[in-house]
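Worksheet: the structure to be examined is printed underneath.
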Amino acid sequence: MKKAIALVLVGLAAASCTQTEKGAGIGAVSGAIIGGAVTGNVRGAAVGAAIGGVSGAVIGSVADQPGQCYYRSRDRYDRQGRPLRYIDRCPRDYY
């Protein structure tokens, strides 16, 4: 019975979150599981949770903005050599 109540409370708490918060939570949990499984220690799980949380938040923030698309630049790069990313209006025929 305690497990059922705990699951209901977690479900209600998650239902009130924005897409950004849900994405961050799912990303953090997934990253922690994967990081812990790959490295076999707590430090790997913590790093995985951090990376997954940030990635999930970015993906979730795009979901909070209807009509907005997530793009990567083809000709501009950050200091690590990765393409710059930005959010802009989606093309008309996208939907």
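The values are calculated or read from the model by the stated rules, or taken from the named source; none is laboratory data. Since this is a predicted model, take the numbers as computed values, not measurements. A quick note on method: Cβ atoms are made from the backbone with ideal geometry, for glycine too, and the neighbour counts reach across all protein chains shown.
Just to be sure, is GLY23 closer than 30 Å to ARG92 by Cβ and assigned to a helix (DSSP H, G or I)?
Values: closer than 30 Å to ARG92 by Cβ: yes; assigned to a helix (DSSP H, G or I): yes.
So GLY23 passes the test.
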field: Residue check for ILE87: on the phi < 0 side of the Ramachandran plot, of a type in the set (A, V, I, L, M), at pLDDT below 90 and assigned to a strand (DSSP E or B)
entry: yes
